[in-house]
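In what follows, a single structure is set out as structure tokens and then discussed.
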Amino acid sequence: MGILKRGLMVGLQTTWTLGKIIFPITLIITILGYTPVLEWLAQLLAPVMGWIGLPGEAAIPLILGNVLNLYAAIGAILTMELSVKEVFILAVMLSFSHNLFVESAVAAKVGIRMSVVLAVRLGLAFFSAWIIHLFWQGGSEIAQYGFVSSGKETEVSGWLAVAWKGIESATLGIAQLALIVIPLMIFIQIMKELNWLKVFSKWMSPFTKMLGIRENTSTTLASGLFFGLALGAGVMIQAVKEDGVKKKDLYLVFIFLVACHAVIEDTLIFIPLGIPIWPLLIIRIVTAIVLTMVIAFIWNRYEKKQKQQVTGKEAVNEN
């Protein structure tokens, strides 16, 4: 019972830490969704869409996906007549870059610079779209959407009703987070106290070693990979407190998770859009692995160079 109680306390603490970030941002963004702000942003982005092979109206699901979530973006896509290639480009972009405000704020809470998260996510989204537009010659047929709700919002009128809708959305978001975070934290506490976590870290060690990061990040990596960036951050907050995760490993794990998180859910929800799902999954995983390995290699080279310079200076001073 002691393990369960400790796990429950850690889960509640993590939910509170993340909730303080997620609630106000979700509230503000939901309210903005009932104003002309998002439509204005979409019009602003429309000229850029042509560079990546998308029509101007495609800016709307991109904006919705980035300021709200993937479900809002898919709801908007389902109202448009787009080709398979155009829908696939949107799906890849939204896989890399969605729910930006909440997920970037959560990453900042862990100690990651928000500018790094935004640069990596938006950079990957637009670069991947440009590459697909440039090299994929197929997919010109009109996308056949599956039987799925378009996700249109019910009409809400009046500022009080809009504010209440925002509070409802934010509260629901925290409740959903708690339903996953608390059981997960209890499970992790059990794993820690029964030394299962060390075994799990060893299983993950070939993969973490390949990425150039330490074993003590394996729980965060697995949590973020399967459950999402916000949850990965929740586990990381605890890991930083208890396991002494280095700043370098912190950044490398988040760079990996920025490109590839919640891979099962985020991939499956694109099935109704009638696009090839396996290439979408493979693009995310390969990009995350290659990007993390490259950054880890450059970082290690830089650290070695710094050490050599320090050693050289010390040798000169001794002489």
For the range 239-292, which trypsin sites (Lys or Arg not before Pro) pass both filters: DSSP loop (anything but H, G, I, E, B) and at most 14 other C-beta atoms within 10 Å? Lys246
Within-12-Å neighbourhood charge of Leu45 [Cβ basis; K, R +1; D, E -1]: -2
Between Ser83 and residues 5 or more places away or on another chain, which pairs have amide H atoms under 5 Å apart, with H built 1.01 Å from N, and which residues are they? Ala143
Ratio of the Cα radius of gyration of the range 1-91 to 2.2 N^0.38 Å, where N counts its residues: 1.53
Report, in listed order, any pair from Lys109/Lys304; Lys198/Lys247; Lys109/Lys209; Lys248/Lys305 with a Cα-Cα distance greater than 18 Å. Lys109/Lys304; Lys198/Lys247; Lys109/Lys209
For the range 170-183, 3J(HN,Hα) per residue [Karplus equation, 6.51 cos²θ - 1.76 cosθ + 1.60, θ = phi - 60°, Hz, x = Gly/Pro]: 5, 5, 4, x, 5, 4, 4, 4, 4, 4, 9, 4, 5, x
Using θ = phi - 60° and the Karplus relation 6.51 cos²θ - 1.76 cosθ + 1.60, list the HN-Hα couplings for the range 120-134 in order, rounded to whole Hz, with x at every Gly or Pro. 5, 5, 5, x, 4, 4, 6, 5, 5, 4, 5, 5, 5, 4, 6
Does the range 64-140 come out rounded, prolate or oblate, given a ≥ b ≥ c as the square roots of the eigenvalues of its C-alpha gyration tensor, rounded meaning a/c under 1.5 and, failing that, prolate meaning a/b above b/c? oblate
Mind telling me which of Gly224, Gly212, Gly56 comes out most flexible in a GNM of the chain, alpha-carbon contacts under 10 Å? Gly56
Most mobile of Thr30, Thr14, Thr79 in a GNM of the chain (Cα contacts under 10 Å): Thr79
For the chain, set up a GNM with springs between Cα atoms under 10 Å and report which of Ala73, Ala175, Ala143 has the largest fluctuation. Ala175
Kirkwood Rh, the range 46-189, all Cα pairs: how many Å? 17.3 Å
Between Gln43 and Gln137, what length comes free when the chain is fully extended (0.36 nm per residue of separation minus the Cα-Cα distance, one decimal in nm)? 31.1 nm
Over the chain, what is the relative contact order in whole percent, taking alpha-carbon pairs under 8 Å and six or more residues apart? 23 percent
The range 220-298: relative contact order in percent, alpha carbon pairs under 8 Å with at least 6 residues between: 33 percent
Which value in nm describes the separation of the simple spin-label points at Trp299 and Thr35, placed 7 Å from the Cα toward the beta carbon? 3.7 nm
Cross-link reach from Lys192 to lysines, straight Cα distance under 16 Å and at least 8 residues apart if same chain, gives Lys5, Lys202, Lys241
Cα shape, the range 190-260, gyration tensor, a/c 1.5 rule: rounded
Rg(Cα) of the chain divided by 2.2 N^0.38 Å? 1.10
If you consider only alpha-carbon coordinates, what radius of gyration and Dmax does the range 210-302 have, in Å? 14.1, 45
By accessible area (1.4 Å), largest first, Thr217, Thr17 order as Thr17, Thr217
In whole Hz, with x marking every Gly and Pro, tabulate ³J(HN,Hα) for the range 45-52 from phi via Karplus 6.51 cos²θ - 1.76 cosθ + 1.60, θ = phi - 60°. 7, 3, x, 6, 4, x, 5, 10
Value of relative contact order over the range 77-126, rounded to a whole percent, pairs C-alpha under 8 Å and six or more apart: 42 percent
Solvent-accessible area of Val116 with every protein chain in place, 1.4 Å probe, in Å² to the nearest 10: 50 Å²
Starting from the amide H of Tyr34, placed 1.01 Å from N in the peptide plane, find each other amide H under 5 Å away whose residue is 5 or more places distant or on another chain. none
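The values are calculated or read from the model by the stated rules, or taken from the named source; none is laboratory data. For clarity, every value in this text was computed on a predicted model and none was experimentally measured. Neighbour counts run over all protein chains shown; Cβ positions are idealised from the backbone, glycine included. For the accessible areas, the whole protein counts, side chains as well, though only heavy atoms, and no ligand, DNA or RNA atoms are used. Shrake-Rupley method; radii C 1.70, N 1.55, O 1.52, S 1.80 Å.
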